[in-house]
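Chemist: Shown below is the structure under consideration.
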Amino acid sequence: MYQPQDLQRIVEQRLEHTRAQRQRSRAEIGAGRPDLAEDDAGRRARFETHMSGAAPVDAEKVWAEADFVDAVFLTVGARAAGPVARLVTDAGRTPLGTGFLVTPRVLITNNHVLEDVAAAGDAWAQFNYELGEDAIPRTPDVYALRPDLFFHAVSWEGLDFTLVAVGDRLSGTGSLAAQGSCPLSDRPDKHAKGATVNIVQHPGGDFKKVVLRGNRIVARTDMVLHYEADTEGGSSGSPVFNDAWEVVALHHWGSPHLGTTGPDGTPLGTQVNEGVRISAIVEALRAALPTLPAAARPYLEEVLAAPPLPRPQPGTAGLPVLGTAERSAPTQRSAPAPATVEAHLSVPLEITVRLGTPGRVAVSPGGSTTLPAPAERVRIDRDYANRRGFDPAFLPGVTLSVADIVAPVREQVAPLRSGDSRGELKYQHFSIVMNAARRLAILTATNIDGSTYIPIDRGTGQPSADAEGDTWFEDTRIDPALTVTQPFYSANSRTFDRGHLTRRSDPTWGTPERAARANADTFHFTNCSPQHWLFNESVTYWQGVERHYLEFGATLDRSRLSVLQGPVFAPDDPVYTDTAGRELRVPLQFWKLVLRVQNGALQVTAFLVSQRDLLGLPRRPVSPGGDGAAPDVTTYLTTVLHLQDLTGLDFRALAAYDTAAPPTDAEGTPLRAITSWADVP
């Protein structure tokens, strides 16, 4: 099953293999000779001939810098963007990635996006999830996926693609035929090193975006292309087009936010992206066709028989404009001819034109599977009656009531749909109380039992080694209008990540079943707060304090902790808006109380951290130790009563057990910076 860190290793090995190619390509491009980046003279000649006849740009601009293109280029691009869909799960609440139609009834994406039949069966495809000409979101056409009709995949360890049938329309007014399709072709003249590419994507689950030209192919293997472009999480499964808007690659990996190194420790460029070559996918599909069940073959035969895009014919005037009305009519997609006169454009897309350099990476050969058995993954158990939440008597000799702690701010508590005004959302081994006005947690309260701790795979949601992956869910027990959900994170993806309050590893203890349930529970949006994208890379002590106490035996039996934490709600917190224009004041500070019993006595330590200094840093590649390295965010020791003053919560019962007595700063605030683990009492 998919392990993101394993894909990362595969990609790094391939990047190391193409290092010399990339260096040579960058040198030629930097010297103004992008055509010479292609060291295969035959391919270069074929590419130039093909693009001179097929691309809606002048022949002399095939290799030129992306300063000028004919207006028709955008019109053709708008057509090419029609088949691109946002893939979501959890009844549309959680974005997975991007996909696109390759025939009117078959969609392609990465295998690591839709790994198996179960994942595909839970997913929807949202077409036209984009802004209209008036900058107002269009109403998307939403379709179910039908892996029971057709599903064919090659593992993320190999070519990393999944083909799946598209089923009935669930909402909207359009048709699949009106969206058009992007046929797959293995013709050898579609790309060359040094040439520009264009990517249509849903980065971070956001509205459809287009990155145009100036994004150069810098390396090639038999299986993948390496190119330089702006992509983010959620772009996996996007089509990578040449300037004729032919698909040359399936985007599947991009550089992380922090730089990485190759196997020899040499820093890798942080802008390189990787896409799986369409020619390699077509070759694999031809080989697989005879092995498919009879019912599945017609779907794949259509994919392989899809006609190439018609070439624009010189001198043809009159270009249809792709607006809402045109897409409602079931017409076959074709590439319009370049106009010799002006073109009036209606392009409902956000377009990024980059005049610069590189992007991302792909996988290694693996076997294909048709209708594989479903693999396990993170799934929410919606039977919340089996959750007991935070145990107030978890620590020996201590009783800690969540209701008593939030009593001073009771009027701010978001009620549950059941009518329970106490507002305690009980999960596996932790509880959350929400602030109705701020739509974020007032606090989370978590029990941690290190003696029965079970590591949970983030990708699968099951007990195993650590891995990464993000799927977030709404809690049906509370009105979604009282929580901050995906539209906010989509609108602000260049600044904020979805940050856990209760860490996903903290409540994963007990039986394997309960540990898996606890892991999934931490991915509710109620447990999420906007955290700057560098926050987790910049707060060493904040993130590791729970494990520090458990692993270094600072408890009675080296096992049990209770942790209270949450944001500090301040009236001057900065305001950000979501995709619907709804405002949110984003907390700048976070607090934490760690409780444990040592030598028969309760001990409480208070922590405080701020993301204020990070907010001016938009998402960008950062190399460790380089000029753009992540700033060091200081975690402070403070007092229990200071946190009481900041939050308005009632911590009086804990103040007598406070382990910290930090000196007051110039403003009289009790704070002491943590500079090593030895500072943590």
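Chemist: If packing is taken as the mean number of other Cβ atoms within 10 Å per residue, what is the order of 599-606, 278-285, highest first? Please report the intermediate quantities before stating the final value.
Modeler: Working: 599-606: 16.6, 278-285: 20.9.
The most tightly packed comes first, giving 278-285, 599-606.
Chemist: Continuing with the same structure: Residues with beta-carbon under 11 Å from that of ASP391, excluding ASP391: net charge, scoring Lys, Arg +1 and Asp, Glu -1? Don't jump to the answer; show the numbers that get you there.
Modeler: Details: positive: ARG388, LYS426, ARG560; negative: ASP449.
Taking every Cβ under 11 Å from that of ASP391, the sum is +2.
Chemist: With label points built 7 Å along Cα→Cβ from the Cα atoms of SER559 and THR399, find their separation and express it in nm.
Modeler: Calculated label separation equals 2.4 nm.
Chemist: Moving on to the next point. Which ³J(HN,Hα) values, rounded to whole Hz and listed in residue order, are derived for segment 406-414 from phi using the Karplus coefficients 6.51, -1.76 and 1.60 in 6.51 cos²θ - 1.76 cosθ + 1.60 with θ = phi - 60°, glycine and proline given as x?
Modeler: These are the phi-based 3J(HN,Hα) values: 8, 3, x, 10, 3, 5, 8, 6, 6 Hz.
Chemist: Still on this model: By a straight-distance test (C-alpha under 30 Å), which lysines pair with LYS592 as possible cross-link partners, with residues fewer than eight away in the same chain excluded?
Modeler: LYS426
Chemist: Which order, highest average first, do 636-646, 94-104, 572-582 follow once you tally other Cβ atoms within 10 Å for each residue and take the mean per peptide? Could the numbers behind the result be given before it?
Modeler: On the way: 636-646: 19.6, 94-104: 25.1, 572-582: 13.1.
Output ranking for 636-646, 94-104, 572-582: 94-104, 636-646, 572-582.
Chemist: Got a sec? How would PHE496, PHE207 order by Cβ neighbour count within 10 Å, fewest to most?
Modeler: On the way: PHE496 23, PHE207 20.
Going from sparsest to densest Cβ surroundings: PHE207, PHE496.
Chemist: I've got another one for you. Would you pull out the residues with amide H under 5 Å of PHE161's amide H, same chain only if 5 or more places away, H placed 1.01 Å from N?
Modeler: It is ASN111, VAL154, by chain and number.
Chemist: Okay, moving on. Take each of the peptides 17-24, 471-478, average the number of other beta-carbon atoms within 10 Å over its residues, and list them starting from the highest.
Modeler: My ranking of the peptides, most packed first, is 471-478, 17-24.
Chemist: Please report how far the C-alpha centroid of segment 472-509 lies from that of segment 13-30, rounded to the nearest whole angstrom.
Modeler: For segment 472-509 versus segment 13-30, the Cα centre distance is 39 Å.
Chemist: Also, I was wondering about something else. Spelling out what I want: for every residue of segment 98-113, take phi, set θ = phi - 60°, compute 6.51 cos²θ - 1.76 cosθ + 1.60 (Karplus), and round to whole Hz; glycine and proline get x.
Modeler: 10, x, 8, 6, 10, 9, x, 9, 10, 10, 10, 8, 6, 5, 6, 8
Chemist: Counting other beta carbons within 10 Å of each Cβ, put ILE29, ILE136 in order, fewest first.
Modeler: Details: ILE29 23, ILE136 11.
Fewest-to-most ranking of ILE29, ILE136: ILE136, ILE29.
Every number in this text was worked out from the coordinates using simple rules, so none of it is lab data. Source: prediction; values computed, not measured. Methodologically, a virtual Cβ is constructed for each residue, glycine included, from the backbone with ideal geometry; neighbour enumeration extends over all protein chains shown.
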